[in-house]
Structure formats: C-alpha cells, structure tokens
C-alpha cells in the first residue's frame, strides 16, 4: 500500500462487481462514501456508521465487511461485491427471489447488507443449519420485518440450493 | 402466490411491486437522490449540555477552515424566521435551533456549511461555544416541583398545559363501588429508530422568495403549514418533496421538520443548495423519541370485577420543547381511554411537562403503549386484589358485540368488532389451556413462569381535531373547529390506456404501491402490472391536504379507500363511454381481463385501452354526458370525524381494531433473564387487503415492542447527559431476541371505510409491552399484590427481585464508582500513595505550571492565569474517542502544605468533564502520603457514545494524574525496595484498587 498523506488525494483501484473501477480519494474517505458518492453505487446503505447495524455490509474478497468501518484506500486491489452485483442482468438471483416471495423486506434499507451476508454464508456453506443462518443474521438490524420472514427466505433459498423446493 | 386473472387481487398476498428495485440496490432513498452540482454539505454543532446558557459562540476559527462557506448561529436563524407554532396556549417560543440557551443534549447550536461533509464536520469542531451550565431536570414529576430548574422562564415553571376532563359521573361511581383499586405506572422513553436516518436537501430562490425542500419526511402535512409559517412564506413558496423510498420511519421522520426550516435558512445564507444527512448519534440524541409518562390510574370496581369508573392522572414528558403536533401523544387515545371495555364514567387529569430531554414526536403506537401499559396493568391488579381470574375480569368488562357502533364515555365511536368472540377464538386456537399446563408444570418444578394478557383497541385514521381537545371549549370556539382526516388519491389514464395512481401517503416500506395496484386493477379488471403507482409527494404538483402522510395507520382505511373511490368514478365514466360504443346500457358494462364488455355476451367487448383512450384521441365522439377528463382526484374525509364537543367528547379516530394477546414467559433461574416461551396475538383489523403485509405489520410492531419491553431505553443522567448514543448502547432486538408470534385474525369490516379495512400497523406496540409485563409479574408473584414492573425488563432489574439485593463486598478496598443515575455520569473514587518527598516539595509542585504540564495526562501549554488558576490544552482519549479539550484548573481551600482542593473543567467538541478532588499530604514513617478523594462528571458526546468504556477510561486518566504526581515527587529511576512498593501501590490505584 502506498504511503498516504493527509492533505492529498490518492488513486484507489479495485474491482466492483467484476468491473474495474478507480477513484481519487483522500486517506480518510470511508469505503461507503466512495461507493455511494464517488462511484454512484447507492445500493449499499449507511445506517449507523459504527459497525453495529450491518446495513453497509459488502463482500471484500468474498468476506462480508462493514463498509462503514473500512477506508476507501484499504480497498486497493481488492474485489468488492455489493448488492448491485447479485442479480444477473435483470433477473433476480435465487436469494433475492426468495426474499421477494417471503416478504422478507419492507422498507428495504437494511436488505442489501443482509443479502451480502447471506450470499457470503451460502457460498461458503451451502447447507448451513438454521442456527448458523441466525448467527449470521444476528449481525444485522432490521426494524420492519421482525426477522421471521428473513429467516424463512434464507431457509427457502438454502433448500433450493440443496435441490429442494424454494417454498419449503 | 401467483397472480391469477380471474380472482380479485384484493385479499391476496401478491408479490410486492416495490421489491425488485429494493432487492437490486436500485432503491431511491434520500441519500441516493441526485443533487445539483455545487450542492454544499452541512454539519451541526450541538449542545453537550442538558441545560446551559450560551454565553458566546466564537465562529472565527471555523469560518476560516478549509472549504467552509458559512457558519450560522441561532441568532442568524432567528433573524430570518418565526418561532414554530406551539399546539397549546402558552407563553413560550419554539425555535429549531438554540438561541441563548440549550435545553437538551444534542440541541442544534450552530450550522457549518462547507464544500463536503468531512470539511463541514472538521469545522464544526472548531466552533467554540462558551456555556454556563444550569441545573437540569429529566424526570417529569421532579420537573413539577417548586424548586425544579425551569427550562422556559416565560412559562414560570415546567408545566405547559393542564386539563381535567369528566365524563359521566365518576365521583358517584367511585362512591358507590365497593372497591377502589389503583396503581402507579412509569413508562420510559424509547423510539422505533429507523435504520435510515433523517436527510434534507434545501435550496432557496430569492427572486420568488421560495424554498424547495426535499426531505424524508413522512407527514402529517399539517406540518407543511408549520414550516411555511416559520419560514415566513405562503404555502406555495414552500415546495416540499419526499424521496420515492424511505428507510423506515414508524412515526419518527415526522420529526425531521425543524431541520427543513434550518436547511432552508442555511441554503438561503449560503446561496447554494445544502444537503444534510443525519448521523446515528444525532439521530439517537436529537431526532425525536416517544414520550415517557407517569400515570396514576384508579378504577371503581364492583364485587364481580365490573369496572364502573376510571380515574386517570397522567403526567406527560414532552422533552425540552413542545413541538408540533405535541402534546398529541397524550391526546391521540383520548376517545378510547376506556380501552376495550364498557366503562361509562371517567375522570382524566392531563399534565404536559417539559424536561431537559429531546423533544418528543410521532412514534409507532403513539400514546397507546403508555396508556395501555397503565390500563392493562390495572386489569391485572384488579384480578389480583379481588382474587378473580384475570380473563374473567377482562371478559366481564368487554364492549358487547351487539353494542357497535359503540360511543365511549369520552366520545370515540368504536366502529365494529366482536371482542368476546375474537378473545375466545384466541384462547382456543392459541392454545391457552396448553400454555397454562406448561406454566403449572414449570412451577411444580420450581421454575419461574408466568402468563400475561392484554386487550387493546387499536385506533387508526386520526381525527385532525383530536389535538384541539387540549384546548378548553372556549379556546376551541375562538380558534374555530378542526376535524376530519382528508385522504387524497388521483387515478389517471394515459393515451395508451395505462393507469397511473398517485397518492400522498409517503410510505416507508409498507407496500402502499402494491396495495393500490391491487385495488385499482380489480376495479378496472386489469392485470396488476397495468397499474403504476406513485406514493411520494411533491406539494406543488400533487393533491394533498393536512392529513396527508403515513401515520396513524391510515393507509388501508383512508388512502386505499380514496383510491377505490377515484377508480370507481373513472370506471363509471368509462362504462358510459363503452356503453355507447357497445350499444348497451352503462349498467350492463363489465370490466374483466383487460376488456370492457357486455355482461353475458363475451363477443361484444373492446379492449380496456381502446375505450380508455377515446377521450384522448377523439374526445368529439364521447357521449354528451361524459366529460373528457381521464383523471379523477378524490379528497375523502369521513363524516364520523367531528370536532370535539362542548363537553370535550372526541371521536379521536375513525377506526378501532381489536387485539387480544397472551404470552408465556420464563425467567432464567440463574441469570434472571426473561424469555418469551410463546406469544399469541389476535387481531381484528377489519377487512384484510393483503394478508402477508398485514402479518408483516404485526411481526414488525411485535419486534419493536419486544425491544421496548426488554432492551430499549433513552438513558439520561440527572444532569441531562444522554447516555445511549450508539446502537451498542441503545440496543435494538436482533434475530436472536425476537421469537415468532402466532398471529390470528378475526375480521369484522369497518362500516366507515370504503374498503372495510382498518389500520393494523401499531397495535402490537400497544399490546405487547404490557402483555409481557403482566407475564413477568405473574412469574415473579403469581398471587398477591402486583410487583411494580418498569420497562425495559432487564435481568439486572429482575435479579434483585428474585435473589434479593447483591451482598455488600467484603473487601474494604475503596473503589472508583460510577453512578450513572444518581447525578449525571458521576465517578467517585479515592486512593493514596506514599512518596519520597517532603510535603513542602509536593506542595510547590502543585502550584507550578511546569509540574502540572508534566503530570496532567495529555496536557500541553499549561498557563498560569492567576495565583491558583491554570489553563491548559489537553488531548485525551476517553472511551473510544480521542479529542482536544480546553481545561481550567483551579486550586482552592488551600491549607499549605497539608491539603488543597483541585477543581478542573474540560470542554471540547467531543464533550465536557468536570470534577474536584481533595488532596491531603501527611508525613508517615515511609515518606509523605498523598491521599485523594475525587468526584468527577463527564458529559456530551463522549458520555453518549462511550458510556460502556467511560468509567474505566476515566479511572485510568485520573490514576495517571496521581501516578505522575507521585513519580514526579519521588524522583525517577528504577529500583527496588520502597520504589517497587510504590509502583505496586500506584499500579493498584490505577486499576481501581484491585491488584
């Protein structure tokens, strides 16, 4: 990582949803701010800016990360995946589809972070047990749904990954 | 569920039209909206004090900081606006920004406008505000005391409104009843805390004296009038827009309106568009919360448990300012203060009090949680005191099914219901008998298990006149009547025959666009996708009125109803057009599967688009009695919502749903943690338009209520310091804490709404906290007097009730203590150290700037400003935040060279601290003993965000000071013997006596 100076901007380059991007950022700029306001990928939301609510969760090199606790400069050379990268063209991914079928979102503000966490979980552990799913979801705050339909959606998509019906 | 063209959409759980965009990251929330080039960012300077005079605001350094365009104080704002309207007659002003006094932690004191948010925040830290702290009061009962600090001197006290009401003959009923049973109830502050915070973008056009403001405001749009008046412009010079998506609100985003005024003024001064997105600390400390309330409630009770009268005494805490529409929280339930019960006599005393806390505002449940907590705890107390079955007491008092529509004692017209049947169904289908068996088994095994009940009438569609019940009948007569609940909807058909619906309902996730598509598609016999709905508002373009917005659960009963009426009117028009083209009577026209045709003759039909397009493409061919306007706008208000009567009767809401809840709760025998074993909630919300969304509302409200019951509290110190400024301090329930409730429905359609629907969004926020409290009370004490339950019910509160008070530590070692509730966040402590220096030498050091510089942790530039006064800049990391503070240190009560009192005060952008310590020097055989005893208080941002770490961090800082004093006195250098002993001793001081 190059040496950064406080009053200068520096070039940061990373892959966003498979596309190479770059931006000039000051060393203290948060990853959320570069994604949302420099690049214009506003699907990642900011709920608390101190790492508790989970709304800003993105995947950095496959791992879920709180984008509000990461500096843009730290993203240099990494592969970042956000909610905008889940759907294939205009077709929702099975995880997104399961959320829609199960009414697992209302206002949709916390949803992006939850999707990125579950997507990372299922890519690592496609047959995750309900306890594991709940453990992963416990890092996210949702004020609308009461969580029940989110768990249902997660179980549905897990079952679909395993070859079962999505509405199980 | 798949869309099926032959069945109506209403009543089915169709997938939501909102979801694909939201799931793909294409939502358009406040901070996602495009902004004009040159838009500036704004950051607030906020009060670190609960109550203080502003002596001066020095903006020079901030104004000179990089990127800064403007620094704006309360005086600058005041010079351009009018005080915001206050909803009661009182000699008090209500400014959106502090002018010469701050009254709650987080109150805006100055605004910094800069080229980006980072620079604005940098500069905000450079605004130097000199405060003279005043005594604070945070408890509403204490605020009424004779000697309490007064927030608004013009009021002469903290009581801003008091009214007494009398319905029926409560005195006679109490005299005649064999039992008078009462309880006192404390309901704390909490808030439904949306995950998206407030946001505002404002611009100002001087040529037209017009403000253009976009905010994630949620209504009611009566607030538009408040903002326009305050900005001193007519309504048409305040264009208010809302973003298409809003990240939850639950009432809270009503409270963004003072910021609309402030951003408008900031844009005017900065001569550029200005944007502000609230951060989480700002949101928790200074958006709005629900009110906290102290209630005394008494009932006159017959021998069989029948209640003949209620006597309410409510003290409502609205925080530092009475902001519109407060004191609405206290009056929203006014018509249904008898709950689900047939009680004919009632007395009510309502007092509204101001304290040094954040002003209150809309919050899901709005008045219901506070009121039902008292009423349903009382029902539990009545059963206990009279030795009756709790359900029997409830059943004996329910409004009977044949009494609807039922006029309550205080004037509400309960529209429909069959409470007894709904309750009995819940008991059967929810498995109460089985739950009782579980409880009995648990108790037989020595476990603490309880069952609680709660019965609630859930009001929806507020009467815009209910708040005027706070005025006397004479004041109301003078002000003119207020009533109704205008809902608007526009349905339009374009030249290609597709249908657009526009409403001013401003949803925050409730799926309004889907439900309206269902309602209107059914009306026209169209597929769901043929109808497109907009629900965000632009006050310059859309149909709206004062009741517009998303609150009081008014969407399904009022807004969807208005859309139904607008679609019906347009359909009638199309029927006439089609009838002429099909050569049939308008009454025989059908709308089915995208076609308009003749009933009973499938061959005689036209496509919907063709008929609908006629008015656009060939208006000349329309029948004579059909006008060419393919757009219907409906303003709907129900006649049942009348202004308060001269006797203070008020039908405060149009619809009244019914909820009956019961639950089983077990308290862990070792940790005292309460856990919901089973929760059953029965709802009658009238006709259900979308079952999955209704259940979504129930589950969401339930989860927030679980938070209010077990976790959430806006915590304040007695000095007004705010102590729950992060989501790690203000705990929201996660997936781990929220069980799945069993949801049951009983439908009795409302006769007063176009679709028969009632509101459903808020009920569990009213029923669940008290249902849980009743279950916990049952677990703690199955019989006998009801234990006092105060939310949130934490293990820490239950443990002393179960295990008795914690035994006093046998260790006599004096310890640093933090008393969060006694007097601000107060730390006290004491310690001693023996050093190899004379008393005189140590004394000299204490008066020497160079020594002080060396021993005050993080100090630089200690200046002696008087014989016994010093000033210093100090850089300290307290808790998680490191910041610069300006410190004043004073020595007093000097008794050279034996004793001295050290007082210090530190102020910085991150907070403030103060304290004093008595230091005594005594000769001992081993050297001079330095003994100290101190008291310190910490407030401001560090106290809000670092509460959990603060005590330890402060201990370390104070310990460091005395350690450095000892080191300085005893000389440096490593060694053994006395020095090593000293080190050990000092180590023990620094770790609070535990080594």
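The values are calculated or read from the model by the stated rules, or taken from the named source; none is laboratory data. Since the model is a prediction, treat every value here as computed from it, not as a measurement. Here Cβ is always computed from backbone atoms with ideal geometry, including for glycine, and neighbour counts include all displayed protein chains.
Checking the conditions here, which among B:749, B:792, B:754 is under 30 Å from residue B:688 (Cα atoms), in contact with a helix residue (DSSP H, G or I) (Cβ under 6 Å, 6 or more places away or on another chain) and in contact (Cβ under 8 Å) with a residue 24 or more places away in the chain? Don't jump to the end; show me each part of the working.
Working: B:749 fails: in contact with a helix residue (DSSP H, G or I) (Cβ under 6 Å, 6 or more places away or on another chain); B:792 fails: under 30 Å from residue B:688 (Cα atoms).
That would be B:754, the only listed residue that is under 30 Å from residue B:688 (Cα atoms), in contact with a helix residue (DSSP H, G or I) (Cβ under 6 Å, 6 or more places away or on another chain) and in contact (Cβ under 8 Å) with a residue 24 or more places away in the chain.
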Exercise for the section: Please find, among B:446, B:430, B:450, the residue that is more than 30 Å from residue B:488 (Cβ to Cβ), in the same structural domain as residue B:325 (by TED's automatic domain parsing) and out of contact with any strand residue (DSSP E or B) (no Cβ under 9 Å at 6 or more places or on another chain). Expected result: B:446
Practice task
Looking only at the range B:46-64, decide whether some residue is within 14 Å of chain A (Cβ to nearest Cβ) and either modelled with pLDDT of 95 or more or over 27 Å from the mean Cα position of the chain (by Cα) (or both).
Solution key: no
Fill in the blank from the handout: Flagged in the range B:345-381 as touching a strand residue (DSSP E or B) at 6+ places or on another chain (Cβ under 7 Å) and either in a loop (DSSP other than H, G, I, E, B) or at pLDDT below 95 (or both), in numbering order, are B:354, B:355, B:357, B:358, B:363
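One residue is enough: does the range A:150-168 have a residue meeting the conditions in a loop (DSSP other than H, G, I, E, B), within 17 Å of residue B:697 (Cα to Cα) and within 9 Å of chain B (Cβ to nearest Cβ)?
So far as the range A:150-168 goes, no, none of its residues is in a loop (DSSP other than H, G, I, E, B), within 17 Å of residue B:697 (Cα to Cα) and within 9 Å of chain B (Cβ to nearest Cβ).
So, residue B:285, is that one assigned to a helix (DSSP H, G or I) and within 14 Å of chain A (Cβ to nearest Cβ) or not?
Working: assigned to a helix (DSSP H, G or I): yes; within 14 Å of chain A (Cβ to nearest Cβ): yes.
Here the answer is yes, as residue B:285 does meet what is asked.
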Handout entry: Residue count, the range B:16-30 (criterion: touching a residue at least 60 places away in the same chain (Cβ under 8 Å), facing chain A (nearest Cβ under 10 Å) and touching a helix residue (DSSP H, G or I) at 6+ places or on another chain (Cβ under 7 Å))
Key = 4
Completion exercise
Going through the range B:387-413 in order, the residues found to be part of a helix (DSSP H, G or I) and surrounded by 21 or more Cβ atoms within 10 Å (Cβ to Cβ) are B:393, B:394, B:397
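I need the full set of residues from the range B:739-762 which are within 14 Å of another protein chain (Cβ to nearest Cβ) and surrounded by fewer than 24 Cβ atoms within 10 Å (Cβ to Cβ), in order please.
Of the residues in the range B:739-762, the ones within 14 Å of another protein chain (Cβ to nearest Cβ) are B:739-743, B:760-762.
Across the range B:739-762, the qualifying residues are B:739, B:740, B:742, B:743.
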Handout entry: Condition broken by residue B:729, with the remaining ones in (1) under 24 Å from residue B:514 (Cβ atoms); (2) surrounded by fewer than 22 Cβ atoms within 10 Å (Cβ to Cβ); (3) touching a helix residue (DSSP H, G or I) at 6+ places or on another chain (Cβ under 6 Å) satisfied
Key = (1)
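State yes or no: is residue B:454 under 29 Å from the mean Cα position of the chain (by Cα), buried (at least 19 other Cβ atoms within 10 Å of the Cβ), more than 30 Å from residue B:610 (Cβ to Cβ) and modelled with pLDDT of 95 or more? Walk me through how you get there before you give the answer.
Values: under 29 Å from the mean Cα position of the chain (by Cα): yes; buried (at least 19 other Cβ atoms within 10 Å of the Cβ): yes; more than 30 Å from residue B:610 (Cβ to Cβ): yes; modelled with pLDDT of 95 or more: yes.
Yes: the conditions hold for residue B:454.
Would you point out the residue of the range B:762-783, among those that are out of contact with any strand residue (DSSP E or B) (no Cβ under 8 Å at 6 or more places or on another chain) and in contact (Cβ under 8 Å) with a residue 12 or more places away in the chain, that is nearest to residue B:416 (Cα to Cα)? Steps first, please.
Just the residues of the range B:762-783 that are out of contact with any strand residue (DSSP E or B) (no Cβ under 8 Å at 6 or more places or on another chain), to begin with: B:765, B:769, B:781, B:783.
This time we only want the ones that are in contact (Cβ under 8 Å) with a residue 12 or more places away in the chain, so: B:765, B:769, B:783.
Details: B:765: 21, B:769: 25, B:783: 35 Å.
That would be B:765.
Would you pick out the residues in the range B:224-253 that are free of Cβ contacts under 8 Å to residues at least 24 places away in the same chain and under 25 Å from the mean Cα position of the chain (by Cα)? Steps first, please.
Just the residues of the range B:224-253 that are free of Cβ contacts under 8 Å to residues at least 24 places away in the same chain, to begin with: B:228, B:234.
B:228 - this is the single residue of the range B:224-253 that is free of Cβ contacts under 8 Å to residues at least 24 places away in the same chain and under 25 Å from the mean Cα position of the chain (by Cα).
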Practice task
Scan the range B:65-100 for residues that are crowded, with 20+ Cβ neighbours inside 10 Å, within 18 Å of residue B:358 (Cα to Cα) and more than 24 Å from the chain's Cα centre (by Cα) and jot them down.
Solution key: B:74
Fill in the blank from the handout: Every listed condition ((1) outside any loop (DSSP other than H, G, I, E, B); (2) surrounded by fewer than 17 Cβ atoms within 10 Å (Cβ to Cβ); (3) at pLDDT 85 or above) holds for residue B:788 save (1)
Problem - Test: residue in the range B:682-700 that is under 29 Å from residue B:440 (Cα atoms), part of a strand (DSSP E or B), within 26 Å of the chain's Cα centre (by Cα) and at pLDDT 95 or above - result: yes
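Quick one: in the range B:298-332, which of the residues that are in a loop (DSSP other than H, G, I, E, B) and in contact with a strand residue (DSSP E or B) (Cβ under 7 Å, 6 or more places away or on another chain) is surrounded by the fewest Cβ atoms within 10 Å (Cβ to Cβ)?
Of the range B:298-332, the ones in a loop (DSSP other than H, G, I, E, B) are B:302-306, B:318-327, B:332.
From what's left, in contact with a strand residue (DSSP E or B) (Cβ under 7 Å, 6 or more places away or on another chain): B:302, B:318-319, B:322, B:326-327, B:332.
Numbers: B:302: 15, B:318: 28, B:319: 27, B:322: 25, B:326: 27, B:327: 26, B:332: 25.
Taking the candidates together, the pick is B:302.
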Practice task
Given the conditions (1) under 30 Å from residue B:51 (Cα atoms); (2) surrounded by 24 or more Cβ atoms within 10 Å (Cβ to Cβ); (3) out of contact with any helix residue (DSSP H, G or I) (no Cβ under 7 Å at 6 or more places or on another chain); (4) within 14 Å of chain A (Cβ to nearest Cβ), report the number of the one that residue B:708 does not fulfil.
Solution key: (3)
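Which residue, of B:489, B:560, is part of a strand (DSSP E or B) and in contact with a helix residue (DSSP H, G or I) (Cβ under 7 Å, 6 or more places away or on another chain)? Spell out the reasoning first.
Numbers: B:560 fails: part of a strand (DSSP E or B).
Sole residue among the options that is part of a strand (DSSP E or B) and in contact with a helix residue (DSSP H, G or I) (Cβ under 7 Å, 6 or more places away or on another chain): B:489.
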Practice task
Please go through the range A:117-139 and pick out each residue that is more than 10 Å from chain B (Cβ to nearest Cβ) and assigned to a helix (DSSP H, G or I).
Solution key: A:117, A:118, A:119, A:120, A:121, A:122, A:123, A:124, A:130, A:131, A:132
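Only one residue in B:273, B:178 is modelled with pLDDT of 95 or more, assigned by TED's automatic domain parsing to the domain that holds residue B:373 and over 23 Å from the mean Cα position of the chain (by Cα), so which one is that? Talk me through it step by step, then tell me what you get.
On the way: B:273 fails: assigned by TED's automatic domain parsing to the domain that holds residue B:373.
Exactly one of B:273, B:178 is modelled with pLDDT of 95 or more, assigned by TED's automatic domain parsing to the domain that holds residue B:373 and over 23 Å from the mean Cα position of the chain (by Cα), namely B:178.
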Problem - Residue match in the range B:939-956 (condition: away from every other protein chain (no Cβ under 14 Å), farther than 25 Å from residue B:719 by Cα and either within 46 Å of the chain's Cα centre (by Cα) or at pLDDT 80 or above (or both)) - result: no
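Out of all the residues in the range A:22-46, which are under 16 Å from residue B:21 (Cα atoms) and over 20 Å from the mean Cα position of the chain (by Cα)? Reasoning before the result, please.
So the first thing to find is which residues in the range A:22-46 are under 16 Å from residue B:21 (Cα atoms), and the list is A:40-45.
Within the range A:22-46, none qualify.
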Practice task
Would you check if residue B:459 is part of a loop (DSSP other than H, G, I, E, B) and either at pLDDT 95 or above or more than 14 Å from chain A (Cβ to nearest Cβ) (or both)?
Solution key: no
Handout entry: Residue list for the range B:187-221, restricted to those being out of contact with any helix residue (DSSP H, G or I) (no Cβ under 9 Å at 6 or more places or on another chain), away from chain A (no Cβ under 14 Å) and either within 30 Å of residue B:140 (Cα to Cα) or in contact (Cβ under 8 Å) with a residue 12 or more places away in the chain (or both)
Key = B:189, B:221
